[in-house]
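Bear in mind that the values in this text are calculations on the coordinates, not laboratory data. Worth saying up front: this structure is predicted, and the values here are computed from it rather than measured. So basically every Cβ, Gly included, is an ideal-geometry build from the backbone, and we count neighbours across all protein chains shown.
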Amino acid sequence: MKNIKEVLKERILILDGAMGTMLQRHKFSEEDFRGERFKDWEHPLQGNNDLLSITQPESIADVHRQYFAAGADIVETNTFSGTTIAMADYFLEDYVYELNYESARIAKKVANEFTAKEPNKPRFVAGSIGPTNKTASMSPDVNDPGFRGVTFDQLRIAYKQQVEALLDGGVDLLLVETIFDTLNAKAALFAIEEVKEERNIDVPVMVSGTITDASGRTLSGQTAEAFLISISHIPVLSVGFNCALGASQLVPHLEVLSAKSNYAVSAHPNAGLPNAFGEYDESPAQMAAQIKEYAEKGLVNIVGGCCGTTPEHIKAIAEVVGKYKPRIVAR
């Protein structure tokens, strides 16, 4: 089977769409989230999507299947909040290893099913590493600007545990995504480098930041170029942006990455901007037409969807970008 670096030279790769959007269709109750295993848990668990890898594993596998069937080359594990820092909200810190391991195992099993059916189109699993619900660069208290809710070392330790479990579960690559604070991302990347060194392995790493508004900056104040420079000391497979903005608003920021970077460039935007109810209205055809611009301009190597996207969106995007050559990567 070809490795991902070889496939990236041949075509634009398709990343999956939103996991949360798909799980919302099930309208899972508190009891569904708990399953048998956590039925007596003394804290509410509804909304903890990562836990569904243990309590509703078939539903998670089904989401992965739908995305692969729609044309995805890469699916993300159901581990966006899979750190002790984020799981503290549910008092589930002790289950973090299992959550990540099971999520990786489920995704890899489905990927292997599809690769076996289409050996000429290998399917890959990216271990999803979210930003946590804390920020290392900024104070959560306006009255105490020097205060930090989390330290670099706390983040590093939490990320390291997540990375080890994802790798043990069989992921092919790691995706540090939705980065609003680059210092958090640096802790994740540091942890990944530690694990790579300890295990004497080389695992591809995707890095994806989030431009939070029309200012064109991340929440911690960086422009696209500054973000790229601040993570460039780490050997990564790709750098890109996801979430926050719709596809068309990302174009100028992807142009900067494409011009300045020797890495592959990725983008998985939301299905437009949220409406008054926090829902995403952009249709698959509308979103695919915007992502076509990325491909026409030769800006991208990997595209997919974030909030509000579904297998229908991914299918439309795959059909459009399949006609274009990937951006040429210098290295």
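Brief remarks follow.
- Distant-in-sequence amide H partners of Leu245 (H built 1.01 Å from N, under 5 Å): Ile211, Asn270
- Over segment 131-279, relative contact order from alpha-carbon pairs under 8 Å, at least 6 apart, %: 19
- MRE, 222 nm, helices only [DSSP H, n ≥ 4, -39500 (n - 2.57), over the chain, to nearest 500]: -13000 deg cm²/dmol
- Estimated from the Cβ-Cβ distance and a Förster radius of 30 angstrom, the FRET efficiency linking Arg37 and Glu113 is about 0.75.
- Short-range pairs are left out: with C-alpha atoms under 8 Å and at least six residues apart, the relative contact order of segment 201-331 is 22 percent.
- Point-to-point label distance, Ser215-Phe152, nm (Cα→Cβ direction, 7 Å offset): 2.3
- Antiparallel DSSP beta bridges within the chain, percent to nearest 5: 5
- Subtracting the Cα-Cα distance of Asn200 and Val329 from their residue separation scaled by 0.36 nm leaves 43.8 nm.
- R0 of 35 Å, Cβ-Cβ distance Lys5-Ala226: FRET efficiency to nearest 0.05: 0.85
- Here's the list of aspartates and glutamates a cross-link from Lys325 could span, going by alpha-carbon distance under 18 Å and ignoring same-chain residues fewer than 8 apart: Glu6, Glu10, Asp73, Glu255, Glu293, Glu296.
- Reach of Lys27 by Cα under 23 Å, taken over lysines that are not fewer than 8 positions away in the same chain: Lys39
- Applying the Karplus relation 6.51 cos²θ - 1.76 cosθ + 1.60 with θ = phi - 60° to segment 300-313 yields 3J(HN,Hα) values of 10, 10, 9, 9, x, x, 10, 3, x, 8, 9, x, 5, 5 Hz, where x marks Gly and Pro.
- Within the straight-line cut-off of under 19 Å between alpha carbons, the aspartates and glutamates reachable from Lys186 are Asp153, Glu164, Glu177, Glu194, Glu197, Glu198, Asp202, Glu225, sequence neighbours fewer than 8 places apart in one chain being disregarded.
- Near Ala158: Cβ cut-off under 12 Å, other residues only, Lys/Arg at +1 and Asp/Glu at -1. The net charge is 0.
- Cβ-defined net charge surrounding Lys292, 12 Å radius [Lys, Arg +1; Asp, Glu -1]: -1
- Relative contact order of the chain, defined on C-alpha pairs under 8 angstrom at six or more residues apart (%): 19
- Shape of segment 4-321, Cα gyration tensor, a/c cut at 1.5: rounded
- Each of His43, His253, His26, His268 has some number of other Cβ atoms within 10 Å of its Cβ, and from fewest to most they run His43, His26, His253, His268.
- Of Lys160/Lys297; Lys134/Lys315; Lys5/Lys117, those spanning more than 28 Å from alpha-carbon to alpha-carbon: Lys160/Lys297; Lys134/Lys315
- If you take all other residues with their beta carbon under 11 Å from the beta carbon of Gly127, and give Lys and Arg +1 and Asp and Glu -1, the sum is -4.
- Using only side-chain charges placed at the Cβ, +1 for Lys and Arg and -1 for Asp and Glu, the dipole size of the chain relative to its Cα centre rounds to 1340 debye.
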